[in-house]
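A.B. asks: Pasting in a structure now, in structure tokens, and then I'll have a few things to ask.
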Amino acid sequence: MSMMHIQVLHGPNLNMLGTREPGHYGSQTLVDINQDLILLGDSLNVQVSTFQSNHEGELVDKIQSLKVDGIIINPAAYTHTSIAIRDALLAISTPFVEVHLSNVHQREDFRHKSMLVDVAHGVIAGFGAMSYSLALRGLHQQLSSQQ
Ligand code: DQA
């Protein structure tokens, strides 16, 4: 059996982590977060790929091109607006976990609405960078038990 492959997708402005509103998003950079996920993947025997874009269409193109077992996505501001990203994820019928660094439900009302959440396998929010590693552990465990 081939190695499980999980794609991590980061939406707009997440390339600025480390300096961007550290009170909400912590001090780790996106490079730090990606490295930690790849290392965690190594320990779980999961291939982890990462991708960030500030452009909705680029995220849609990337999603359409994926041939992976699962997706971890922090759609950032597109969470609250993007039917296109929702439709792309449905089109490839690959399970995905929606991730947020901050607890979006504690914040402005416009962050309470997600275009993806009802079709997500699960959601993790509010644990900072750890939200991603919790998602990787959870998705890995569930995909393993289905094989
Ligand atoms: C975010 C929350 C979104 O509301 C916001 O637009 C982001 C980041 C988070 O990780 O907490 O850019 O997805």
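The values are calculated or read from the model by the stated rules, or taken from the named source; none is laboratory data. Everything numeric in this text was worked out from a predicted model, so none of it was measured. FYI the Cβ positions are ideal-geometry reconstructions off the backbone, even for glycines, and counts take in every protein chain you see. Protein only, heavy atoms only, side chains kept; ligands, DNA and RNA dropped before computing areas. Shrake-Rupley method; radii C 1.70, N 1.55, O 1.52, S 1.80 Å.
A.B. asks: Of all residues in region 43-84, which are open to solvent by less than 40 Å² (accessible area, probe 1.4 Å) and without any contact (Cβ under 8 Å) to a residue 40 or more places away in the chain?
C.D. replies: VAL60, HIS80, SER82
A.B. asks: Quick one: in region 11-39, which of the residues that are away from the ligand (no atom under 15 Å from the Cβ) and more than 19 Å from ALA125 (Cα to Cα) is least open to solvent (accessible area, probe 1.4 Å)?
C.D. replies: ILE38
A.B. asks: All but one of (1) away from the ligand (no atom under 12 Å from the Cβ); (2) more than 12 Å from the chain's Cα centre (by Cα); (3) among the small types (Gly, Ala, Ser) hold for SER49; state the number of the condition that does not hold.
C.D. replies: (2)
A.B. asks: Taking the condition part of a helix (DSSP H, G or I), in contact with a strand residue (DSSP E or B) (Cβ under 8 Å, 6 or more places away or on another chain) and closer than 18 Å to ILE6 by Cβ, does ILE124 pass? Write out each step before concluding.
C.D. replies: Values: part of a helix (DSSP H, G or I): no; in contact with a strand residue (DSSP E or B) (Cβ under 8 Å, 6 or more places away or on another chain): yes; closer than 18 Å to ILE6 by Cβ: yes.
So ILE124 fails the test.
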